[in-house]
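Engineer: Have a look at this one before I ask anything.
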Number of protein chains: 2
Amino acid sequence: MTTVDGLPAGLQGVVVADTRVGDVRGEEGFYHYRQYSAVELAERRTFEDVWHLLLEGELPGAADRAAFADRARPLRTLPPAVLRELPAIAAAGERASPLDALRTAVSLLAADLGLRPTLDAGPDELRGDALRVTAAVPTLIAALWRLRSGREPVAPHPALATAANYLYMLHGEEPDPAHARAVEQYLITTVDHGFNSSTFTARVIASTGADLGAAVVGAMGALSGPLHGGAPSRALDMLDAIGTPDRAAAWVRTAVERGDRIMGFGHRVYRTEDPRSRLLRGIAQELGGERVAFATEVERTVLDVLAEHKPGRGLSTNVEFYAGVVMDACGIPRELFTPTFTASRVVGWCAHVLEQASANRLIRPAARYVGPPPPQPVPAA
Amino acid sequence: MTTVDGLPAGLQGVVVADTRVGDVRGEEGFYHYRQYSAVELAERRTFEDVWHLLLEGELPGAADRAAFADRARPLRTLPPAVLRELPAIAAAGERASPLDALRTAVSLLAADLGLRPTLDAGPDELRGDALRVTAAVPTLIAALWRLRSGREPVAPHPALATAANYLYMLHGEEPDPAHARAVEQYLITTVDHGFNSSTFTARVIASTGADLGAAVVGAMGALSGPLHGGAPSRALDMLDAIGTPDRAAAWVRTAVERGDRIMGFGHRVYRTEDPRSRLLRGIAQELGGERVAFATEVERTVLDVLAEHKPGRGLSTNVEFYAGVVMDACGIPRELFTPTFTASRVVGWCAHVLEQASANRLIRPAARYVGPPPPQPVPAA
């Protein structure tokens, strides 16, 4: 299926920009941020180091690291005008997803911060905007979640790094360091991943010269789509539906034969195992526990059944399966899986917004009109 | 300037989708909604008829018209949970633009309405969502504006059509019918205009299966960019800067010689006069008054100076110049020019979201990585 210009539908594989942020090599099962393997960064670095890499273009040295932390940590505290409105935003989202509430809160925050158009702001100002918005996102997620369940928000902990502080703000107590590190590694693996739909959305919006907040809010909307960011909790729902290890084979077989899509398996880009999945599996297994063992068993069953029923498709476990397992094992509630993904991806969106602004050109494609030929006379009312 | 795939930068002119919503024929100075000339629709129909055309695919008959009004009018009244939050949203935007506040409010509204993903909702449900969001936008704009200036919002007037009701909600009194009709015609002319950046943004977000609210909020972000929707008030600012007719020639000449862009002139697509400009000039002249006469004189001067200094470029008046003049003459405050544009363009965005959802394919292009080659070993922290 192609468009009239012979482009693949959905622009799949069509190069629309140059980037220095990173890339995905689907055939090799490899992806990178700047010139570094994302998996290696997750193994060897902190979230803050990777954030610095994306925002400033390079990994920090010791002095930069301390200065970056000093700048970023105070920005986790929400402006009072935003904090005051969170109960109402949380309540209005009663029937909506936490991601919708987060979108509203980020939009309010961006307005409160008075971000200027990317067209007018220089690179330093834009980096400052990116830092402010990114630093506040975990606080917003945690506060909205607690308010929704009738509890007061927990203020950021000044001594904890991003991932540990996120868990702290969710539960009000300092987390198990193993949990904090596992969540940190998850966050690092999802900072950026090629030119996906939300990243592209952020760049299209930034290309109009709009402020960074507008771009992030739009990207969050794209991420809320089930075809993009919406599936990690569904993989866990599957584990629930299966219930016990002995039921796995029959459940999966029935689902595959019925033609259901099995959540957490297969990827549009990777033709090998998803490198994020491999890393997160290892992290999950280090965390251990009955639930992780069950997930591993279900994974094996699904892969067996898929290999049997769809031979040659090479369907592998994708990031969603073990992302859900890891977050669950670390005490992140299921409804926050996608918002948590947002907390890291916003780093990548901001890097792309900065890059777009640095050499901007309005992104404005065309469509082919295929309706009845105009002009037909407008009939009298 | 082209991308690596030989595509024009910014995808200009690259056909990425088929549409039945409408099109722009820049060479002919013609644009249409469905199979009808947009200008002819503005001359002969109401805003509600055109809204029906975009949403339902056809102009309404008498019975459809009444039924459509019956459905749409109650939806102008805001849900109490949204109305309650507007003072805070208006205040948080103190340093931001009214469009940022509107973006937050629409995001809150969409969450409050509990819109389902376009992926799951059928066409009838999506049309209902579109109606609800679109109907509420003028109410939100007017309420936020009044709150910002310390006044209570005015509830929608059940007997007035969209444009008249908008003016009524702004000023608290029934408007001059000539003003209501002029604003209505302005709104009709700006419902849709090809595959511009905000429309494309809405379609990219909808392509992920996200809900209609997410798509509209993202599109509003794109529209807030100065390169897209941000200029109508600047054309009026120019009139202020010029001050009096006798200063027009010298002011314009100086600006052009300095290389300034003259707001309200030139268009990326039209190589002839912008057909919206022609219509709006006529509307402005019917409204009459000293200010319109001044604007007409400045326009003539600008065109003369541009023809002299940039011969062969065929720079004409675009929609922004007389859009500003008409809105100003009808009592719409300058800071609401772009939000008012949003109130009509949301009709077009929704039509595009519905069309995208009806034959969806995830929009996910690619980028070319041009940074240092990976993988380079991650240095020790």
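Engineer: Please determine, by comparing only the residues of the stretch B:42-62 that are open to solvent by 20 Å² or more (accessible area, probe 1.4 Å) and free of Cβ contacts under 8 Å to residues at least 24 places away in the same chain, which one is nearest to A:Pro372 (Cα to Cα). Explain how you work it out, then say what you get.
Structural biologist: Going residue by residue through the stretch B:42-62, those that are open to solvent by 20 Å² or more (accessible area, probe 1.4 Å) are B:43-44, B:46, B:48, B:56-59, B:61-62.
After this cut, where a residue has to be free of Cβ contacts under 8 Å to residues at least 24 places away in the same chain as well, the list is B:44, B:59, B:61-62.
Values: B:Arg44: 20, B:Leu59: 14, B:Gly61: 19, B:Ala62: 23 Å.
Among residues in the stretch B:42-62 that are open to solvent by 20 Å² or more (accessible area, probe 1.4 Å) and free of Cβ contacts under 8 Å to residues at least 24 places away in the same chain, the one nearest to A:Pro372 (Cα to Cα) is B:Leu59.
Engineer: Same structure again: Can you tell me which residues in the stretch B:154-168 are open to solvent by less than 40 Å² (accessible area, probe 1.4 Å) and either touching a Phe, Trp or Tyr at 6+ places or on another chain (Cβ under 9 Å) or not aromatic (Phe, Trp, Tyr) (or both)?
Structural biologist: Pass one, the stretch B:154-168, residues open to solvent by less than 40 Å² (accessible area, probe 1.4 Å): B:154, B:156-157, B:160-167.
Within the stretch B:154-168, B:Val154, B:Pro156, B:His157, B:Leu160, B:Ala161, B:Thr162, B:Ala163, B:Ala164, B:Asn165, B:Leu167 qualify.
Engineer: For B:Ala235, which of the numbered conditions (1) within 23 Å of B:Val298 (Cα to Cα); (2) within 13 Å of another protein chain (Cβ to nearest Cβ); (3) open to solvent by less than 10 Å² (accessible area, probe 1.4 Å) fails to hold?
Structural biologist: Result: B:Ala235 fails condition (2) only.
Engineer: Return the total of residues in the stretch B:344-381 being β-branched (Val, Ile, Thr) and either open to solvent by 60 Å² or more (accessible area, probe 1.4 Å) or facing chain A (nearest Cβ under 10 Å) (or both). Spell out how you get there, then give the answer.
Structural biologist: Step one: list which residues in the stretch B:344-381 are β-branched (Val, Ile, Thr), which gives B:346-347, B:353, B:363, B:370, B:378.
If we keep only those that are either open to solvent by 60 Å² or more (accessible area, probe 1.4 Å) or facing chain A (nearest Cβ under 10 Å) (or both) too, we end up with B:363, B:370, B:378.
Total meeting the criteria: 3.
Engineer: Would you please name the residue that is nearest to A:Pro379 (Cα to Cα), looking only at residues in the stretch B:1-23 that are open to solvent by less than 30 Å² (accessible area, probe 1.4 Å) and part of a loop (DSSP other than H, G, I, E, B)?
Structural biologist: B:Val21
Engineer: Scan the stretch B:24-41 and give yes if some residue there is at pLDDT below 95, open to solvent by less than 20 Å² (accessible area, probe 1.4 Å) and under 30 Å from A:Asp211 (Cβ atoms), otherwise no.
Structural biologist: yes
Engineer: Go through the stretch B:32-43 and report how many residues are more than 7 Å from every other protein chain (Cβ to nearest Cβ) and closer than 24 Å to B:Ala357 by Cβ.
Structural biologist: At the first step, the residues of the stretch B:32-43 found to be more than 7 Å from every other protein chain (Cβ to nearest Cβ) are B:33, B:38-39, B:42-43.
Filter once more, so that each one left must be closer than 24 Å to B:Ala357 by Cβ: B:33, B:38.
Result for the stretch B:32-43: 2.
Engineer: Would you check if there is a residue in the stretch A:193-208 being small (Gly, Ala, Ser), out of contact with any helix residue (DSSP H, G or I) (no Cβ under 9 Å at 6 or more places or on another chain) and touching a residue at least 24 places away in the same chain (Cβ under 8 Å)? Give the derivation first.
Structural biologist: Residues of the stretch A:193-208 small (Gly, Ala, Ser): A:194, A:197-198, A:202, A:206-207.
Among the residues that remain, those that are also out of contact with any helix residue (DSSP H, G or I) (no Cβ under 9 Å at 6 or more places or on another chain) are: A:194.
Going one step further and asking which of them are touching a residue at least 24 places away in the same chain (Cβ under 8 Å), we end up with A:194.
Looking for residues that are small (Gly, Ala, Ser), out of contact with any helix residue (DSSP H, G or I) (no Cβ under 9 Å at 6 or more places or on another chain) and touching a residue at least 24 places away in the same chain (Cβ under 8 Å), one finds at least one in the stretch A:193-208, hence yes.
Engineer: Do you know which residues across the stretch B:49-85 are outside any helix (DSSP H, G or I), more than 10 Å from chain A (Cβ to nearest Cβ) and hydrophobic (A, V, I, L, M, F, W, C)?
Structural biologist: Residues of the stretch B:49-85 that are outside any helix (DSSP H, G or I), as a first pass: B:57-61, B:77-79.
Restricting the remaining residues to those that are more than 10 Å from chain A (Cβ to nearest Cβ) gives B:58, B:77-78.
Within the stretch B:49-85, just B:Leu78 meets the criteria.
Engineer: Residue pairs, Cβ under 7 Å, 6 or more apart or interchain, first in the stretch A:252-275 and closer than 20 Å to A:Gln12 by Cβ, second at pLDDT below 80. List them.
Structural biologist: A:Arg271/A:Gly314; A:Asp274/A:His267
Engineer: Would you confirm whether any residue within the stretch A:177-188 is open to solvent by less than 10 Å² (accessible area, probe 1.4 Å), farther than 21 Å from A:Leu78 by Cα, within 14 Å of chain B (Cβ to nearest Cβ) and at pLDDT 95 or above?
Structural biologist: Within the stretch A:177-188, one or more residues are open to solvent by less than 10 Å² (accessible area, probe 1.4 Å), farther than 21 Å from A:Leu78 by Cα, within 14 Å of chain B (Cβ to nearest Cβ) and at pLDDT 95 or above.
Engineer: List the number of the failed condition for B:Thr272; all other conditions in (1) part of a helix (DSSP H, G or I); (2) open to solvent by 30 Å² or more (accessible area, probe 1.4 Å) hold.
Structural biologist: With (1) part of a helix (DSSP H, G or I); (2) open to solvent by 30 Å² or more (accessible area, probe 1.4 Å) applied to B:Thr272, the lone miss is (1).
Engineer: Within the stretch B:106-115, is even one residue more than 10 Å from every other protein chain (Cβ to nearest Cβ) and not aliphatic (A, V, I, L, M)? Can you show your working first?
Structural biologist: Within the stretch B:106-115, the subset more than 10 Å from every other protein chain (Cβ to nearest Cβ) is none.
No, the stretch B:106-115 contains no residue that is more than 10 Å from every other protein chain (Cβ to nearest Cβ) and not aliphatic (A, V, I, L, M).
Engineer: Then there is this: Quick check, is A:Gly13 on the phi > 0 side of the Ramachandran plot, of a type outside the set (Asp, Glu) and either touching a residue at least 12 places away in the same chain (Cβ under 8 Å) or more than 10 Å from chain B (Cβ to nearest Cβ) (or both)?
Structural biologist: On the way: on the phi > 0 side of the Ramachandran plot: yes; of a type outside the set (Asp, Glu): yes; either touching a residue at least 12 places away in the same chain (Cβ under 8 Å) or more than 10 Å from chain B (Cβ to nearest Cβ) (or both): no.
For A:Gly13, the condition - on the phi > 0 side of the Ramachandran plot, of a type outside the set (Asp, Glu) and either touching a residue at least 12 places away in the same chain (Cβ under 8 Å) or more than 10 Å from chain B (Cβ to nearest Cβ) (or both) - is not met.
Engineer: Which number in (1) modelled with pLDDT of 95 or more; (2) surrounded by fewer than 20 Cβ atoms within 10 Å (Cβ to Cβ) marks the one condition that B:Thr139 misses?
Structural biologist: (2)
Engineer: Still on this model: Check whether at least one residue in the stretch A:319-335 is among the hydrophobic types (A, V, I, L, M, F, W, C), part of a loop (DSSP other than H, G, I, E, B) and open to solvent by 20 Å² or more (accessible area, probe 1.4 Å), and report yes or no. Show your work before the answer.
Structural biologist: First, the residues of the stretch A:319-335 that are among the hydrophobic types (A, V, I, L, M, F, W, C): A:319, A:321, A:323, A:325-327, A:329-330, A:332.
When the remaining residues are screened for being part of a loop (DSSP other than H, G, I, E, B), the result is A:330, A:332.
Adding the requirement that they be open to solvent by 20 Å² or more (accessible area, probe 1.4 Å) leaves none.
No: the stretch A:319-335 contains no residue that is among the hydrophobic types (A, V, I, L, M, F, W, C), part of a loop (DSSP other than H, G, I, E, B) and open to solvent by 20 Å² or more (accessible area, probe 1.4 Å).
Engineer: Give the number of residues within the stretch A:313-352 that are on the phi < 0 side of the Ramachandran plot and either over 13 Å from the mean Cα position of the chain (by Cα) or of a type in the set (A, V, I, L, M) (or both). Break it down into steps so the answer makes sense when it comes.
Structural biologist: Of the stretch A:313-352, the ones on the phi < 0 side of the Ramachandran plot are A:313, A:315-330, A:332-352.
Applying the additional criterion that residues be either over 13 Å from the mean Cα position of the chain (by Cα) or of a type in the set (A, V, I, L, M) (or both) yields A:313, A:315-319, A:321-323, A:325-330, A:332-336, A:343, A:346-347, A:351-352.
So the answer is 25.
Engineer: Could you grab me the full set of residues in the stretch A:122-131 that are open to solvent by 10 Å² or more (accessible area, probe 1.4 Å) and touching an Asp or Glu at 6+ places or on another chain (Cβ under 8 Å)?
Structural biologist: Going residue by residue through the stretch A:122-131, those that are open to solvent by 10 Å² or more (accessible area, probe 1.4 Å) are A:122-125, A:127-128.
Result: A:Arg127, single match.
Engineer: Could you count how many residues in the stretch A:212-231 are more than 7 Å from chain B (Cβ to nearest Cβ) and part of a loop (DSSP other than H, G, I, E, B)?
Structural biologist: Step one: of the stretch A:212-231, the residues more than 7 Å from chain B (Cβ to nearest Cβ) are A:212-213, A:216, A:219-220, A:223, A:229-231.
Remaining after also requiring part of a loop (DSSP other than H, G, I, E, B): A:229-231.
Qualifying residue count, the stretch A:212-231: 3.
Engineer: Give the residue that is least open to solvent (accessible area, probe 1.4 Å), with candidates limited to residues of the stretch B:63-120 that are acidic (Asp, Glu) and out of contact with any helix residue (DSSP H, G or I) (no Cβ under 6 Å at 6 or more places or on another chain).
Structural biologist: Our first condition is that a residue be acidic (Asp, Glu); within the stretch B:63-120, this holds for B:64, B:70, B:85, B:94, B:100, B:112, B:120.
From the residues that got through so far, the ones that are out of contact with any helix residue (DSSP H, G or I) (no Cβ under 6 Å at 6 or more places or on another chain) too are B:64, B:70, B:94, B:120.
On the way: B:Asp64: 69, B:Asp70: 114, B:Glu94: 133, B:Asp120: 87 Å².
Among them, the one singled out is B:Asp64.
Engineer: Then there's this: Can you pull out every residue in the stretch A:69-116 that is among the hydroxyl-bearing types (Ser, Thr, Tyr) and either at pLDDT 95 or above or in contact with a strand residue (DSSP E or B) (Cβ under 7 Å, 6 or more places away or on another chain) (or both)? Let's see the steps before the verdict.
Structural biologist: Here is the first cut: in the stretch A:69-116, the ones among the hydroxyl-bearing types (Ser, Thr, Tyr) are A:77, A:97, A:104, A:107.
Scanning the stretch A:69-116 gives A:Thr77, A:Thr104, A:Ser107.
Engineer: Please verify whether A:Gly229 is open to solvent by 10 Å² or more (accessible area, probe 1.4 Å), at pLDDT below 95 and in contact with a helix residue (DSSP H, G or I) (Cβ under 9 Å, 6 or more places away or on another chain), treating the condition exactly as stated.
Structural biologist: no
Engineer: Right, something else. If we only count helices (runs of 4 or more DSSP H) wholly inside the stretch A:96-210, which ones have 1 or more residues that are more than 23 Å from A:Asp49 (Cα to Cα) and more than 19 Å from the chain's Cα centre (by Cα)?
Structural biologist: On the way: elements: A:98-113, A:123-148, A:162-171, A:177-189, A:197-207.
Output list reads A:98-113, A:123-148, A:162-171, A:197-207.
Engineer: Taking A:Arg300, is it open to solvent by 30 Å² or more (accessible area, probe 1.4 Å), touching a residue at least 40 places away in the same chain (Cβ under 8 Å) and within 30 Å of A:Asp176 (Cβ to Cβ)?
Structural biologist: Numbers: open to solvent by 30 Å² or more (accessible area, probe 1.4 Å): yes; touching a residue at least 40 places away in the same chain (Cβ under 8 Å): no; within 30 Å of A:Asp176 (Cβ to Cβ): yes.
Answer is no for this residue.
Engineer: When you go through (1) touching a residue at least 60 places away in the same chain (Cβ under 8 Å); (2) closer than 19 Å to A:Val347 by Cα one by one for A:Ser37, which number turns out not to apply?
Structural biologist: For A:Ser37, the failing item is (1).
Engineer: Which residue out of A:Gly314, A:Gly282 is among the small types (Gly, Ala, Ser), at pLDDT 90 or above and open to solvent by 10 Å² or more (accessible area, probe 1.4 Å)? Break it down stepwise before answering.
Structural biologist: On the way: A:Gly314 fails: at pLDDT 90 or above.
Result of the check over A:Gly314, A:Gly282: A:Gly282.
Engineer: Restricting attention to the stretch B:242-254, does a residue exist that is more than 11 Å from every other protein chain (Cβ to nearest Cβ), over 18 Å from the mean Cα position of the chain (by Cα), assigned to a helix (DSSP H, G or I) and of a type in the set (Asp, Glu)?
Structural biologist: Kept after step one, since they are more than 11 Å from every other protein chain (Cβ to nearest Cβ), are these residues of the stretch B:242-254: B:242-254.
From the residues that got through so far, the ones that are over 18 Å from the mean Cα position of the chain (by Cα) too are B:242-254.
Still in the running and assigned to a helix (DSSP H, G or I): B:242, B:245-254.
Imposing the further condition that a residue be of a type in the set (Asp, Glu) reduces the set to B:246.
For the stretch B:242-254, residues more than 11 Å from every other protein chain (Cβ to nearest Cβ), over 18 Å from the mean Cα position of the chain (by Cα), assigned to a helix (DSSP H, G or I) and of a type in the set (Asp, Glu): present.
The values are calculated or read from the model by the stated rules, or taken from the named source; none is laboratory data. All values derive from a computational prediction rather than experimental measurement. Glycine also receives a Cβ, built like all others from the backbone with ideal geometry; neighbour counts cover every protein chain displayed. All accessible areas refer to the heavy atoms of the entire protein, side chains included, with ligands and DNA or RNA removed. Shrake-Rupley method; radii C 1.70, N 1.55, O 1.52, S 1.80 Å.
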